[in-house]
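See below for the structure under consideration.
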Amino acid sequence: MQLILSALLSLFFAIVAAENPYRFFTWNVTYGTIYPLGVPQQAILINGKFPGPEIYCVTNDNIIVNVFNSLDEPFLIHWNGIQNRRNSFEDGVYGTTCPIPPGKNFTYILQMKDQIGSFFYFPSLAFHKAAGGFGAIRILSRPLIPVPFDPPAGDYTVLIGDWTFNVLMSGKTYRLRICNVGLQNSLNFRIQGHKMKVVEVEGTHTAQISYSSLDIHVGQCMSVLFTADQPPQGYYIVASSRFTNPILVTTGFLLYASSNRPASGPLPGGPTTQIDWSLNQARSIRTNLTASGPRPNPQGSYHYGMIPVARTIRLASSAGQVNGKQRYAINSVSFVMADTPLKLADYYHISGVYRAGSISDAPNGAGIYLDTSVLNTDYRSFVEIVFENYEDILQSYHLNGYSFFVVGMDGGQWSSASRNQYNLRDAVTRCTVQVYPKSWTAIYVALDNVGMWNLRSEFWARQYLGQQFYLRVYTTSTSLRDEYPIPKNALLCGRASGRRKRPLAIYT
Ligand SMILES: [Cu+2]
């Protein structure tokens, strides 16, 4: 009997391993010099490269990344858009994961569970993101799952911020995955003489609409198809900043293999300060309800519009001074780091690291104050989050650990009547969403991923100076079906230093 059982078990593990391949990466993080505009600049390199190596993988793959920190300061990598299901320990932000000390290494163990699409990774501590250390993540559909377009002749990633970009084409259809890895500016992206058909946004296949230019806000990614069917010559690729004065413009080139004629004519123009243009484009990007996502069932088969909302959380940003220093806040709280990652405080029941209820779930108009803000929510609840922007700048918000439905956005003040205009049929799901100046954006999110998850402004100076908090998705369950235990190799720091990594010996 025991023999049969162990034979069955080994068969089981063999099957699991066969279904979910492992991909191993060893990364050395160093300082180095790059020449982004011909001018030498210190950067953070991964294996000598800027941007860093691309993670190329398939749904459900296990990704093992051994990161050696050869900088002289602590370092962490966040996997933007990767949900790290049941495993916020691997999320790579300071609220979940201890920094890798200088001269040390840490191995991230990630699974691209039930995900497809275009994402990126970046260094999450301090202002490292400004210096590089980022790269693309490309999750392909599993071979047997249909993708709603023919395989492209080429598949390229453009991280805007990586300013020199040349692609060689020859009369075929290509896929471009475009991510805005910048610190602040929304960008408009366009290719001279070529339309772009949007096919994917942060893991969702979209209704296939063609555009002459596309707005991509900070932290966002999208995939487009375009066909190199114009007279063979060079064409300008342009990314220009939106809602800024002056407007910053950078160019790359689309080159046809059959011609060495350079690009000519004026740079293709794009929108500059027009908000309605951007809002209308955002509303036109919808989920392709008949396409498969990571699994073979159609993406629209989950009827998010029919689920009653258990709770509404309204979030408003503000800017001001605290103790004579510039700060930014959400619902009046300007986030400050604790001495211990919040997830580890939870795991080891270390009290006094943060207070539950340290941020309210609606703006109250109070002045800005400092705190380690954590918003408690219930595992498996279905919540509505409204980002209210009373300020005169565009905001971009990102939630770790999740993909959410962008059900509505409009100008003015949100009210319960605003729900009448929600898209409850084919809203796109993504992990980063913009909020226009003096406007609101509403999202629905099914809180099905236990953990401690950072919600932040993607405007990097703002998140650094407090415009962020942690969403604690909590359950009393200690089942492995709901959350993994702390990784065996986890680094421990702050008041978690010296704790045992597996307090119960039952996990092997
Ligand atoms: Cu993230």
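The values are calculated or read from the model by the stated rules, or taken from the named source; none is laboratory data. Worth saying up front: this structure is predicted, and the values here are computed from it rather than measured. Quick reminder, even Gly has a Cβ in these numbers, built from the backbone with ideal geometry, and neighbours come from all protein chains shown.
Which condition from (1) in contact with a His (Cβ under 6 Å, 6 or more places away or on another chain); (2) not assigned by TED's automatic domain parsing to the domain that holds Val249 is the one that Ser186 breaks? Just one mismatch for Ser186, condition (2).
More than 16 Å from the ligand (Cβ to nearest atom), more than 20 Å from the chain's Cα centre (by Cα) and not acidic (Asp, Glu): does that describe Pro51?
On the way: more than 16 Å from the ligand (Cβ to nearest atom): yes; more than 20 Å from the chain's Cα centre (by Cα): no; not acidic (Asp, Glu): yes.
Against the criterion (more than 16 Å from the ligand (Cβ to nearest atom), more than 20 Å from the chain's Cα centre (by Cα) and not acidic (Asp, Glu)), Pro51 does not qualify.
So which residues in region 38-51 are modelled with pLDDT of 95 or more and in contact with a Leu (Cβ under 9 Å, 6 or more places away or on another chain), if there are any at all? Result: Ile44, single match.
Does region 414-436 include one or more residues that are in a strand (DSSP E or B) and more than 16 Å from the ligand (Cβ to nearest atom)?
Taking region 414-436 as the starting set, the residues that turn out to be in a strand (DSSP E or B) are 429-430, 432-435.
Next, from what is left, pick out any that are more than 16 Å from the ligand (Cβ to nearest atom): 435.
Checked region 414-436: at least one residue is in a strand (DSSP E or B) and more than 16 Å from the ligand (Cβ to nearest atom).
Results for (1) over 20 Å from Ile116 (Cα atoms); (2) outside any loop (DSSP other than H, G, I, E, B); (3) away from the ligand (no atom under 16 Å from the Cβ); (4) in contact (Cβ under 8 Å) with a residue 12 or more places away in the chain, shown as yes or no for each residue.
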site	(1), (2), (3), (4)
Tyr56	no, yes, yes, yes
Asn60	no, no, yes, yes
Val67	yes, yes, yes, yes
Arg86	no, no, no, yes
Tyr94	yes, no, no, yes
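Given the criteria surrounded by 18 or more Cβ atoms within 10 Å (Cβ to Cβ) and of a type in the set (Asp, Glu), does Asp61 qualify? Yes.
Of the numbered criteria (1) modelled with pLDDT of 95 or more; (2) away from the ligand (no atom under 16 Å from the Cβ); (3) not polar (S, T, N, Q), the one Ala131 fails is (1). Here Leu37 fulfils each of the conditions (1) among the hydrophobic types (A, V, I, L, M, F, W, C); (2) within 16 Å of the ligand (Cβ to nearest atom); (3) loosely packed, with under 15 Cβ neighbours inside 10 Å apart from (2). Screening Phe405 on (1) assigned to a strand (DSSP E or B); (2) crowded, with 24+ Cβ neighbours inside 10 Å; (3) within 16 Å of the ligand (Cβ to nearest atom) shows it passes everything except condition (3).
Among the numbered conditions (1) of a type in the set (Ser, Thr, Tyr); (2) closer than 30 Å to Gly293 by Cα; (3) surrounded by 15 or more Cβ atoms within 10 Å (Cβ to Cβ), the only one that Ser479 does not meet is (3). Scanning region 292-333 for residues that are assigned to a strand (DSSP E or B) and among the aromatic types (Phe, Trp, Tyr) yields a total of 1.
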